Amino acid sequence: MIIIVSGCPATGKTTIAKKIAKKKNLKYVDVNELIKENKLYSYYDKKDKSYVVDVKKLNKFLINLIKKEKNLVLDSHLTHYLSSKYVDECIITKCNLKELKKRLMKRKYSKEKIRNNLDCEIFDVCHVEALENKHKVKVVDTSLKKTF
């Protein structure tokens, strides 16, 4: 079983992904760590303090991983770019804007990066892109701590 957990930064992906992995006895994979370890990025953006990921390279790497290991929970705001033919379930995490802004500020994101992430949440970017990639999507609202 391959489950992907995607959503905007700070919407609760990691918490949800780890709980699912534990509950279903699947291996948890932090895709962002794989990106760094395997240099699946084009460059590091110092202004944004983030890696600019080569999505084609990332998808190729994840497909090879899935072929080797069959029971995974993949956690990243980029997993929804993976072809739906390799994925059994796609979970998109959502969060109300007030709570999301608090979480992003706690991470010390710049005002511009906070604005960009709030815009992505407002426009439901990860959810829309997951649907465009023909994933069977389940949306989980993590605004309240009890949903975790």
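If you rank D119, D75 by how much accessible surface each has, with a 1.4 Å probe, what is the order from largest down? Provide the component values of the computation, followed by the final result.
Values: D119 50, D75 5 Å².
The residues order as D119, D75, largest area first.
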Solvent-accessible area per residue, Å², over the chain with all protein chains present [probe radius 1.4 Å]: 61 Å²
Sequence-distant lysines (8 or more away, or on other chains) whose Cα lies within less than 21 Å of K68: K18, K22, K24, K27, K36, K39, K56, K57, K60, K85
M105-V128 pseudo-label distance in nm [points 7 Å out on the Cα-to-Cβ vector]: 2.7 nm
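Could you pull out the GluC sites (Glu not before Pro) across the range 65-148 that fall in loop regions by DSSP (anything but H, G, I, E, B) with no more than 13 other Cβ atoms inside 10 Å?
Here the sparse-neighbourhood loop sites are E69.
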Of all accessible heavy-atom area on the chain, the percent that carbon and sulfur account for (1.4 Å): 54 percent
Relative contact order computed over the range 4-148 (Cα-Cα under 8 Å; 6+ residues apart), in percent: 35 percent
Efficiency of FRET between E112 and V55 - r from beta-carbon atoms, R0 25 angstrom, step 0.05: 0.65
For the range 69-145: relative contact order, % (alpha-carbon pairs under 8 angstrom, 6 or more apart): 52 percent
Gap separating the Cα centres of the range 11-26 and the range 31-73, nearest whole Å: 19 Å
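The values are calculated or read from the model by the stated rules, or taken from the named source; none is laboratory data. No experiment lies behind these values; they were computed from the predicted model shown. All Cβ positions, even for glycine, are placed from backbone atoms using ideal geometry, and neighbour counts span all protein chains on display. For the accessible areas, the whole protein counts, side chains as well, though only heavy atoms, and no ligand, DNA or RNA atoms are used. Shrake-Rupley method; radii C 1.70, N 1.55, O 1.52, S 1.80 Å.
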